[in-house]
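The values are calculated or read from the model by the stated rules, or taken from the named source; none is laboratory data. These numbers come from a predicted model, not from an experiment. Positions of Cβ are generated from backbone atoms using ideal geometry, with glycine treated the same way; all protein chains shown enter the neighbour counts. Just so you know, the surface numbers come from the protein's heavy atoms only, side chains and all, with ligands and any DNA or RNA stripped out. Shrake-Rupley method; radii C 1.70, N 1.55, O 1.52, S 1.80 Å.
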Amino acid sequence: MTLSLYLEVLLQGILTGLVYGLMALGLSVIFGVVRVVNFAHGEFAVLAMYAAFVLFTALHVDPILAAIPVAALFFVIGWLLQRFVVQPFIVRPQHDQFILLVGLAIVLVNALLMIFGPDSRHTNLSYSYDSWFIGPIIVDKVRAYAAAAAVVVSAALFAFFRFTLLGTAIRACADNLTGAAVVGLDVKKLYALTFGLGLACAGAAGAIMVALTDVTPMLAPSFTLLAFTIVIVGGLGSMAGALLGGLLIGVVEALASILVEPSMKSMVSFALLVGVLAFRPQGLVGKPA
Amino acid sequence: MIAELFAGVSTRARVLLVLLAVVMLAAPLVLDRYLVSVLILVCLAAYTGQAWNILLGFAGLLSLGHALYLGLAAYISAGLYVHFGIGPWLGVFPAVAVCVAVAALLGWLAFRFRIEGVYFALLTIAFAEVARIGFDHIGFTGGAGGFFLPVRSEDQGQWWNLRSGPTFFYYLALLLAAGAFLLCAVLRRSRLGHRWLAVREDPEAAQALGIHINRARMSALLLSAGMTGIAGVFQAFYANNLFPSQIFDISRSIDLILAPIIGGVGTLFGPILGAFVLAPLGEVLISITGAIGLNAPGTKALVFGLFLMAIIAGVPTGLWPRLASLLRLRSVGR
């Protein structure tokens, strides 16, 4: 009985962790290539949650399907953001970039607060409470769909970087910026593209997340922290690390919520972050500096 | 020593400084209660701004979790007062000691592996968040429901327990702000200050000169944390209520850094100027948006966020260097 409970929670953690991983993937891609830390990442994810929420309430679009248009929209936002706001900061000290994006994060979260108010909004899907039985384990349908969607989007991104010319060009920028510029790559364009892709990840993850949890503007800073924790635990700049970190944090938080107390679950992931920083600062997958 | 501080400062600057001091000292005699409370916010923001500025402006480390020290010291001093009857003038010592110890732990974790830049900022946020969630669960200080200091009329006038009127708090805040300014001015010209600047500008070159990078960074962190702790004690006894979700929140940490960034990171007058711009602006925004029925705290934060972005994009050195050259002071950029 208790074993099946643990297995259930473990599976829940894995499924939620895949969605977390997708969100963190966006942060990792942006940092890995553009070398800018998107401090407003969680804020964008929450913005996407509201976009999916509005699509659902107004047009009855399933949030998991809404991930596609929302991701497309966020790609455009990311492109424009990089082109017009972040690009002039590329040569500036790191803390200036950080403060700029902190400012953006404040603006986003308070704009959401003014429009939607502080109350949490719930998306009631027709299959919200459906589940499957695998032996003694209960699997939430909605969580399984959400995880599957996150895997599909992540796989598409991996394939893009692995197999397309454009993806290879972006990886070249990440590996050797000067070299990339010497062989004639348009670095500015590739940066804008990368930022777009990173925000598209946040957008897709946010839209999918609406199916799993209620949305309030207050989620935003905690999502930013969550994404950072995942990326650092996994290894900054490593795409596989982001997904692995997502899984790990998802599982750890799920287990913590039954072993300790639900409201203290993020404390456990911070403990993990501190542990990783103290003993393996390059992250689980990253190479030693 | 004080005379040494003024070496190289133009007469014009000296006159303006004395004028500012006189105006600030005389302010409560002419202003009403509300305006005095705004000035308290100004002084407090100037004080915490100086403390934070030591870390980023002098030593080059970005902390986005300074609310940690504010909250820790506030809770400790308030807890000692409420549960054990120990007044804040004594309570400030253990409160600051704990802040320094926690900062030492953070610094030890961070500096051992050269965790700097983004990672350092993140670690500071993580520490503050752990404290926020932790204090939500500590029943001894009220948990998430908040911790309240008794406000009794018979305690009024007990300045030794910080149970006093706004004028008293104003002069205390002014003293803190002025003290921090003088301390930073001294530090700026000290050997330690020069070490910080060397580490900030080029850690490797500094190390080559024989400067112990980690020690320099650690000293800035401990000092900054301890100073912020003192503001936490003030905050606890001034506000009389503490909520983990407010005092440890990331938005509080950001409030603490706005004044020095807008005024000018690394300058002595930046935090003061920033505080003078922001606190009144915040009050005006709240009264305007309240009057037209908008979400006032949201609008204020939104405008501050835009302001922050505009400053960092347009005037990255902050407003003070601009104002200093406008006033034709010699201390441009300081």
Exercise. Which Cα, out of A:Ser126, B:Gly60, B:Val96, lies furthest along the positive dipole direction of the protein assembly as shown (beta carbon charges, K/R +1, D/E -1)?
Worked result: B:Gly60
Exercise. Top to bottom by accessible area (1.4 Å), largest first, where do B:Leu285, B:Leu183 land?
Worked result: B:Leu183, B:Leu285
Exercise. Per residue, how many Å² of accessible area does the range B:2-326 show with a 1.4 Å probe?
Worked result: 41 Å²
Exercise. When Cβ neighbours within 10 Å are restricted to other protein chains, what is their mean count per residue of peptide B:121-133?
Worked result: 6
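Determine the shielding of peptide A:109-119 by partner chains: average, over its residues, the number of Cβ atoms on other chains within 10 angstrom of each Cβ.
Working: counts 5, 12, 5, 1, 6, 9, 2, 0, 2, 3, 0.
Mean partner-chain Cβ count within 10 Å for A:109-119: 4.
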Problem set entry | Student exercise, the protein assembly as shown dipole from Lys, Arg, Asp, Glu Cβ charges, in Debye to nearest 20 | 1820 debye
Problem set entry | chain A - percent relative contact order, Cα under 8 Å, separation 6 or more | 39 percent
Exercise. From the Cα gyration tensor of the range B:1-80, with a ≥ b ≥ c the square roots of its eigenvalues, which class applies: rounded if a/c is under 1.5, or else prolate if a/b is larger than b/c, or else oblate?
Worked result: oblate
Seminar exercise, completed: Between the alpha carbon centres of the range B:145-160 and the range A:231-289 the gap in Å comes to 43 Å
Exercise. In whole Å, how far is the Cα centre of the range B:183-198 from that of the range A:34-111?
Worked result: 40 Å
Exercise. Can you list the chymotrypsin sites (Phe, Trp or Tyr not before Pro) in the range A:107-136 that are in a DSSP coil and have 12 or fewer other beta carbons within 10 angstrom?
Worked result: A:Tyr127, A:Tyr129
Exercise. Carbon and sulfur atoms: what percent of the 1.4 Å accessible area of the protein assembly as shown do they account for?
Worked result: 69 percent
For this session: Give the relative contact order (percent, whole number) for the range B:2-326; include only Cα pairs under 8 Å separated by 6+ residues.
Result: 31 percent
Problem set entry | Kirkwood-Stokes translational diffusion coefficient of the range B:237-334, alpha-carbon pairs, 20 °C, 1.002 mPa s, µm²/s | 146 µm²/s
Problem set entry | Kirkwood hydrodynamic radius over Cα pairs of the range A:115-173, then Stokes diffusion coefficient at 10 °C and 1.306 mPa s, in µm²/s | 106 µm²/s
Problem set entry | Most positive-pole-ward Cα, A:Leu225, B:Gly165, B:Leu183, against dipole of the protein assembly as shown from beta carbon charges | B:Leu183
Exercise. Rounded if a/c is under 1.5, else prolate if a/b beats b/c, else oblate: with a ≥ b ≥ c from the C-alpha gyration tensor eigenvalues square-rooted, which is the protein assembly as shown?
Worked result: prolate
Seminar exercise, completed: Quick calc, A:Glu261 & A:Leu5: beta-carbon distance into FRET formula, R0 22 Å, rounding 0.05, result 0.85
Exercise. If the chain between B:Ile292 and B:Val9 were fully stretched, how many nm would it gain, using 0.36 nm times the residue separation less the Cα-Cα distance?
Worked result: 97.2 nm
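Return the FRET efficiency for the residue pair A:Phe158, A:Val54: r is the Cβ-Cβ distance, R0 is 25 Å, and the value is rounded to the nearest 0.05.
Taking R0 as 25 Å, the efficiency between A:Phe158 and A:Val54 is 0.25.
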For this session: Indicate the helices, whole DSSP H runs only, in chain B that combine a mean Kyte-Doolittle hydropathy of 0.0 or more with a Cα extent along their long axis of 30 angstrom or more.
Result: B:88-112, B:166-189, B:213-239, B:270-291
Problem set entry | Chain pair B, A: total accessible area buried, heavy atoms, 1.4 Å probe, Å² | 3400 Å²
Exercise. Going by a 1.4 Å probe on protein heavy atoms, which residues of the range B:264-309 end up with at least 20 Å² less accessible surface in the whole assembly than in their chain alone?
Worked result: B:Asn295, B:Gly298, B:Ala301, B:Leu302, B:Gly305, B:Leu308, B:Met309
For this session: Show which aspartates and glutamates lie in cross-link reach of A:Lys141 when reach means a straight Cα distance below 14 angstrom and same-chain residues fewer than eight apart are skipped.
Result: A:Glu8, A:Asp62, A:Asp130
Exercise. Per residue and in Å³, how big is the convex hull formed by the alpha-carbon atoms of the range B:2-326?
Worked result: 153 Å³
